[in-house]
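What follows is a single structure, written as structure tokens, with notes after it.
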Amino acid sequence: MSETRKPFPFHEFEPAWQARWDAEKTFRTPGPGDEGFDPAKPKYYVLDMFPYPSGAGLHVGHPEGYTATDIIGRYKRMNGFNVLHPMGYDSFGLPAEQYAIKTGQHPAVTTAENIETFRRQLKALGFGYDWDREIATTDPGYVRWTQWIFLQIYQSYFCGETNRARPVSELEAKGWTREEIDNVRLAYVADTPVWWSPDLGTVLANEEVEEWKAKGHTVERRPLRQWMLRITKYAQRLIDELDGLDWPEGIKLLQKNWIGRSEGATVRFQISNFESQIEVFTTRPDTLFGATYMVLAPEHPLVERITTEDRMAEVEAYRKTCATKSDLDRGDLNKDKTGVFIGAHAVNPVNGAEIPIWIADYVMMGYGTGAIMAVPAHDERDFEFATKFELPIVQVVQPGEDVDWRGFTDYGTAVNSDFLDGLPTSEAKAKMIGWLEANGKGKGRIQYKLRDWLFSRQRYWGEPFPIVWKDGRHEAIPEGELPLLAPPLEDYKPSGSPEPILSKAKDWVELPDGSLRETNTMPQWAGSCWYYLRYCDPMNEERFVSKEAEKYWQNVNLYVGGTEHAVLHLLYARFWHKVLFDLGHVSTREPFQKLVNQGLILGEDGQKMSKSRGNVVNPDDVIREYGADALRLYEMFMGPLEQVKPWQMKGVEGVSRFLARVWRVALDEGADGSYAISPKLRDEPCADAELRRVVHETIKKVGEDIEKLSFNTAISQMMICTNAFTQAQVVPRGEFVDFLKLLNPFAPHLTEEIHARVGGEGMLSEMAWPDYDPAALVRNEIEFIIQVNGKLRERLKLGRDSGEEEVKAAALASAKVAEFIEGKTIRKIVFVPGKLMNLVAN
């Protein structure tokens, strides 16, 4: 298309409308306390998961969700809602710092340049954002409140009696010591094994390890002092309070599985010839009589103490091998089982049998107690391990008939289990827990797979902790000193040691009173945990959000983003929100009421878009060739929002032709290339009942489809309506303007331009959404089937109430029918009112 004349001048009017929207602040959203705010209107808060502003800018996959939320936001505005639809940037992150390491350019400069690119591209797509509410997590004003929220968490503990966070000042008032308080803070310091990358100079989350190893970076396991957040205290609430949310069931299940609630018992195994015991958690205490060996995580602290001398060399070699593997790799169920016997034994508490202790990489310190009792008869991994290393396998559960007990993990009947024999599994579990508690060997317990949140990074480009260290103790800095910003550095390169990069800034770290600043920084997740709250009141310097704005806008009515954030971001944001709720800072228990995950847009080759594959499509190129409206419309027309879909440039071209047909309904092109109002467009009532019916069917369907996020079917209906306008002899202005209103959320530039050119006043986006007339939907004509001797020969459109004589007359007047009755006598007529007529002739 670029080498030929454009079918309509989108390249001229799209930038003009964008400039006007900017200048007039068309999509400004007044909130409580703002001029022009109308509290009587209902509110609708529609939110995109905000992007990380990379140097590559947007590709065509990004606008899919943004277009969907823009359509919803524009539609709700036209239906009388106060709509909050903001945009911002998750702008801390490793890529900007890696660029700083290469070039010496401060990450803030790189980030600002990237944000400018993203902003330009977003505006070129015509999104109806309130740009006065734009935020970036790196803005000093935003950093201030991220640090303030961290201090709220730091100054809180979880009260088991109320199941809520409470200020630690309550414990101080009760006379608790500083050490006792530090042991229950929701933000605390701990020495813990972490994934450390010497060349990146930071720890990585478990989920990040494989990504960065694939990029060639070294990652190793080592213990480090880290800041942790006690998210585990909220495990049950994070499960229970999912129930009231309108989220995809798959996402809810992912969160529940990640939290991993399990009911069972802790069991204590005495180590032979040692005073120490090994505690394990099991969901199947009924199988204790089948425990024939134990497995410790290679990094378990007992391993060094209880390994015999003759086994030490092999054990140490195995531990070193395990230290280079990620939790994902170690937990792979399909991999070959490996392990080493450490020479020690433990005593099975229910039968006194001595069982060997092994270490194996499939047991990890991050889950449970870092130790398991192995029941190989009834656990698949244990069965494979026992089979490989020729360890005893004892059946203790009898399945149903014709089911092999080897590796059977379901419920059955206890066998070979002394006092449990004959009991069904549920009863056997309860009886065993009672026995353990009565004999001091264990206790019933609910456990979670969820671990406390590792909240430290050793990088530069992140929020500094608002913490100082005095005499070996951590203390919060006064709120009046916020934001605490990182000082500029001459060198951003990591040293290769765990010493954080900020430790290079000696003048910043060492304070006059002898105290030292914390040199770790917060992870990128911190800023994304609460950005939806700041959008409600982004200029407030007194609070992170005013109580009035928070109460009005919360919670988010519709949150749209990718499934890659199904667990971590959503779980972390819910956790922070619940702490703020407990402390009285927000009024809702949950941040996001409805969640929708848009499907991935693949390249034309059917693969995920990436630079390495060379299949990335830049929206700038599409806009230049076909216009922003065509891009927006195509992304919504590709298929259901949640589906994965391949990009096809021919599809954009097809949608562009549809927009050109809409243009030509209202405007005719002159010989000189100018456009004039089509003579078909007239200021008169619609006399064509069929056209009016199609228009009102379209009003009804488009509104219903937008509510259901079924944008592709709404577009299909608008195409039908456009065809009806094209075929009509007269296009009544009233019906056509109503149609433009329907199309406006999808193609705002084109519709505003047409409306203005045909003499319309004001902007469509500020008009009311049209109502459909139910009476117009009634079809006055229906289709009658005309048969001759039982065979279909004609279809006639006649009045709904047409009687037999009227239908007969129309049938006999039809040339198609006449052909089959010529020279014959009609012997009989079968008439079904409203449906068919059969002429029997011979």
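Per residue, the accessible area of the chain comes to 43 Å² when a 1.4 Å probe rolls over the protein heavy atoms.
For the stretch 256-267, backbone phi angles converted through the Karplus equation (6.51, -1.76, 1.60; θ = phi - 60°) give residue-by-residue couplings of 4, 5, 5, 5, x, 6, 9, 9, x, 8, 8, 10 Hz, Gly and Pro being listed as x. Over all directions, the average projected area of the alpha-carbon convex hull for the stretch 607-660 comes to how many nm²? If I average the Cα hull's projected area over directions, I get 3.9 nm². If R0 equals 41 Å, the separation of the Cβ atoms of HIS217 and GLN643 corresponds to a calculated FRET efficiency of about 0.75. Put the Cα centre of the stretch 237-282 next to the Cα centre of the stretch 79-126 and the gap is 38 Å.
A helix-only calculation puts the chain at -10500 deg cm²/dmol for mean residue ellipticity at 222 nm, using -39500 (n - 2.57) for each DSSP H run of at least four residues, averaged over all residues.
Centre-to-centre, using Cα atoms only, the stretch 356-400 and the stretch 593-638 are separated by 48 Å. Distance between the pseudo-spin-label points of LYS335 and GLU479 (7 Å out from Cα toward the beta carbon): 4.7 nm.
Ordering ASP336, ASP191, ASP130 by accessible surface, largest first, gives ASP191, ASP336, ASP130; the 1.4 Å probe counts only protein heavy atoms, with every chain in place.
Using a probe of 1.4 Å on the protein chains alone, the accessible area found for GLU783 is around 90 Å².
Between the alpha-carbon centres of the stretch 450-466 and the stretch 312-326 there is a gap of 28 Å.
Restricting the calculation to alpha carbons of the stretch 672-820 gives Rg and Dmax of 19.6, 61 angstrom.
Legend: calculated FRET efficiency, GLU684 to ASN842, from the Cβ-Cβ distance at R0 = 56 Å, rounded to 0.05, equals 0.60. Expressed as a fraction of 2.2 N^0.38 Å, the value expected for a compact globular protein of N residues, the C-alpha radius of gyration of the stretch 437-482 is 2.09.
On the principal axes of its alpha-carbon atoms, the stretch 465-541 has extents of 39, 29, 21 Å, going from largest to smallest. In units of the compact-protein estimate 2.2 N^0.38 Å, the stretch 1-104 shows a Cα radius of gyration of 1.44. Amide H contacts under 5 Å for LEU84: TYR44, TYR45, VAL46, restricted to partners 5 or more places along the chain or on a different chain, H placed in the peptide plane at 1.01 Å from N.
In terms of its Cα atoms, the stretch 605-741 spans 58, 42, 19 Å along the principal axes, sorted from long to short.
What angle, in degrees between 0 and 90 and rounded to the nearest 10, separates the Cα long axis of helix 733-743 from the longest principal axis of the Cα atoms of the chain? For 733-743 against the chain, the angle is about 20 degrees.
Close amide H pairs (under 5 Å, H built 1.01 Å from N) link CYS159 with ARG164, ALA165, ARG166, residues at least 5 positions away or on another chain. For the chain, the equivalent ellipsoid derived from the alpha-carbon gyration tensor has semi-axes of 62, 39, 25 Å in decreasing order. Of the residues HIS345, HIS577, HIS11, the one with the largest accessible area comes first in the ranking HIS11, HIS345, HIS577, computed with a 1.4 Å probe on protein heavy atoms. Note on LYS791: lysines with a C-alpha under 27 Å away, same-chain residues under 8 apart excluded, are LYS808, LYS816, LYS824, LYS828, LYS835. In this simple spin-label model, placing a label point 7 Å from the Cα along the Cα-to-Cβ direction at both GLU275 and VAL567 gives a separation of 4.0 nm. Principal axis analysis of the Cα atoms in the stretch 632-689 yields extents of 45, 36, 13 Å, listed in decreasing size. If R0 equals 30 Å, the separation of the Cβ atoms of GLU822 and LYS797 corresponds to a calculated FRET efficiency of about 0.80.
Shown for the chain: the carbon plus sulfur share of the solvent-accessible area, taken with all protein chains present and a 1.4 angstrom probe, equals 49%.
Along the Cα-to-C-beta direction of LYS25, a point sits 7 Å from the Cα; which residues of the stretch 515-559 have their amide N less than 17 Å from that point? Of the residues in the stretch 515-559, 535-541 have backbone N under 17 Å from the label point off LYS25. Looking at the stretch 506-597, the GluC sites (Glu not before Pro) that sit in a DSSP loop and have at most 10 other Cβ atoms within 10 Å of their own Cβ are GLU541, GLU542. Take the Cα of GLN105, step 7 Å toward its Cβ, do the same at ASN183, and the gap between the two points is 5.2 nm.
Accessible surface for GLU172 stands near 110 Å², nearest 10, in the context of the full protein assembly shown (1.4 Å probe).
Over all distinct Cα-Cα pairs of the stretch 563-619, the Kirkwood formula returns a hydrodynamic radius of 14.3 Å.
Heavy-atom accessible area for ILE101, with the other protein chains in place and a 1.4 Å probe, reaches approximately 40 Å².
Taking N as the residue count of the stretch 341-424, its C-alpha radius of gyration divided by 2.2 N^0.38 Å amounts to 1.17. For the stretch 325-469, the spherically averaged projection of the C-alpha convex hull amounts to 13.6 nm².
The convex hull of the Cα atoms of the stretch 402-474, projected and averaged over all directions, covers 11.3 nm². Short to long, the 10 Å bins of the Cα pair-distance histogram for the stretch 695-755 hold 23, 57, 19, 1 percent of all pairs. Counting only Cβ charges, +1 for Lys and Arg and -1 for Asp and Glu, the dipole size of the chain around its Cα centre is about 1420 debye. Within the straight-line cut-off of under 18 Å between alpha carbons, the aspartates and glutamates reachable from LYS325 are ASP199, GLU207, GLU208, GLU210, GLU211, GLU220, GLU299, GLU314, GLU316, ASP336, ASP361, sequence neighbours fewer than 8 places apart in one chain being disregarded. When the C-alpha to C-alpha distance is required to be over 31 Å, the pairs from LYS174/LYS233; LYS76/LYS611; LYS123/LYS493; LYS700/LYS797; LYS449/LYS470; LYS174/LYS506 that qualify are LYS76/LYS611; LYS123/LYS493; LYS449/LYS470; LYS174/LYS506.
Between ALA374 and THR292, TYR293, MET294, VAL295, the built amide H atoms are under 5 Å apart, and every one of these is 5 or more places off in sequence or on another chain.
The values are calculated or read from the model by the stated rules, or taken from the named source; none is laboratory data. Values in this document were obtained by computation on a predicted structure and should not be read as measured data. Note that each Cβ is placed from the backbone with ideal geometry, even for glycine, and that neighbours are counted across all protein chains shown. Only protein heavy atoms, including side chains, enter the accessible area calculation; ligands, DNA and RNA are left aside. Shrake-Rupley method; radii C 1.70, N 1.55, O 1.52, S 1.80 Å.
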